[in-house]
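The values are calculated or read from the model by the stated rules, or taken from the named source; none is laboratory data. The shown structure was predicted, so the numbers you read here are calculated from the model rather than taken from an experiment. Every residue, glycine among them, receives a Cβ derived from its backbone with ideal geometry; neighbour counts consider all protein chains shown. Heads up: the accessible areas ignore ligands, DNA and RNA and are worked out on the full protein's heavy atoms, side chains in. Shrake-Rupley method; radii C 1.70, N 1.55, O 1.52, S 1.80 Å.
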Amino acid sequence: MGTTPVIGQPVRTAALIGAEDEAIAIANAIASGFEIATAATGTSQARLDLLARSGLLGVSIPTEHGGLDASNVVLAEICAIASETSAALAEILTAHFLALEQVRSYGTEGQQNTVFPAALAGGRLCEARPVHRGAESGAPLPLAASGVGWRLGGEALCTPCARHADWLLVPTRTDTGKSARLLLPARIDGLHYVANSCEPNATGLQPPEHVLLKDVLVDNGALLHSIAEPPRTDVPQALALLLEAAAHIGVARKRLRQAMDARAPDALAIGLASVRLSAAEAAMEQAGRAIDAAQIGIAEQHRINAYLAAAAARFAAADAVGAAGTAFAPASGTHGTGEPEAEHAPTADMLRQAGNLRLDRHRAPPEEL
């Protein structure tokens, strides 16, 4: 596979997750201790090792390669669980699942036979976002022809803790102007990590990893499949929107929980946030099923349906975040639409009832749920 084998990476043995409900349970366990270093979780490197050994990084691997091939509904829920507790974990998992989908959709047989077993063993993929003149740029990094291969240079911002990953997926453009995705080992000559940005900063967030690429030698085995322009819609695009929606849903869940823990929560505002969150979760599930169909369907309509469903979920999830955020201090005399309650009494009553039901459930002892 040319330049793509893992270089200098110790062999890991990850748990093999055999069922989707097991994957959800493990996601909950990992998320609960990922963000803040403790005596049990240690440094970011220790937490990343725990993630690698958990088996979560391999749940989307196709069954023909020995994986669970978890549904996209489950992948989205895993990312939502992560986002509710740790933005960094959500970003790491989202980038990894998206990169694996790129390999699944456009990787050669050799690339898949290398990457998929590595992910099952705990290997991790990151995504790189090219930087031009100090700012993120949508323009891919240029590849310059060099003998039978290419040379790559530039800089990028990568998924947090990229230096501890196994591969970087880099958007590039060949000297003929065609787009390509490049699968690079995270530790090869020419890759330079500017600073150690793996530990959370003062805000609790982990910044992206700044990487310089200096005259990196690339051969044909590192390019994903063909270097033709991607179709108008494809599965990775839809999955990206779905996992963005999942991250928003995790944030909305966290904000709603905080609102319900307030001293005097407003049942009406809690109800509005609850129904919008439920709508977003339903849209996320529908989009996940549509992407499942697109992964096995051959018609363009499957991909169009998946993209539209994922876009709807992303929109609904952003709306849920806003509603959950305003649940702390809802507008006086309104139910979130800017209109007086008196003019919409049935709707207000419904939302208040929903809010009371949500609050009752939130306050109930765990054994009563």
In the set 268, 256, 239, 213, the lone residue that is open to solvent by less than 50 Å² (accessible area, probe 1.4 Å) and assigned to a strand (DSSP E or B) is 213
Quick one: which residue in 88, 27 is under 16 Å from residue 126 (Cβ atoms) and either in a helix (DSSP H, G or I) or modelled with pLDDT of 95 or more (or both)? 88
Given (1) open to solvent by less than 30 Å² (accessible area, probe 1.4 Å); (2) part of a helix (DSSP H, G or I), residue 77 misses just (1)
Need a quick list: strands (runs of 3 or more DSSP E) entirely within the stretch 113-161 having at least 1 residues that are over 18 Å from residue 179 (Cα atoms) and not acidic (Asp, Glu). 125-132, 149-158
Are any residues in the stretch 186-231 touching a strand residue (DSSP E or B) at 6+ places or on another chain (Cβ under 6 Å) and either at pLDDT below 75 or within 20 Å of residue 109 (Cα to Cα) (or both), and if so, which ones? 197, 218, 219, 222, 223, 224, 227, 229
Contact list please: Cβ distance under 7 Å, first residue in the stretch 358-369 and at pLDDT below 80, second residue open to solvent by 100 Å² or more (accessible area, probe 1.4 Å), pairs at least six apart or on different chains. 369/361
Could you please give the count of residues in the stretch 99-117 that are in contact with an Asp or Glu (Cβ under 8 Å, 6 or more places away or on another chain) and crowded, with 24+ Cβ neighbours inside 10 Å? 1
Residue 137 passes all but one of the listed conditions (1) among the polar types (S, T, N, Q); (2) surrounded by fewer than 18 Cβ atoms within 10 Å (Cβ to Cβ); (3) over 25 Å from residue 314 (Cβ atoms); the exception is number (3)
When residues of the stretch 50-66 are filtered for being open to solvent by 10 Å² or more (accessible area, probe 1.4 Å) and either in contact with a helix residue (DSSP H, G or I) (Cβ under 8 Å, 6 or more places away or on another chain) or touching a residue at least 40 places away in the same chain (Cβ under 8 Å) (or both), how many remain? 6
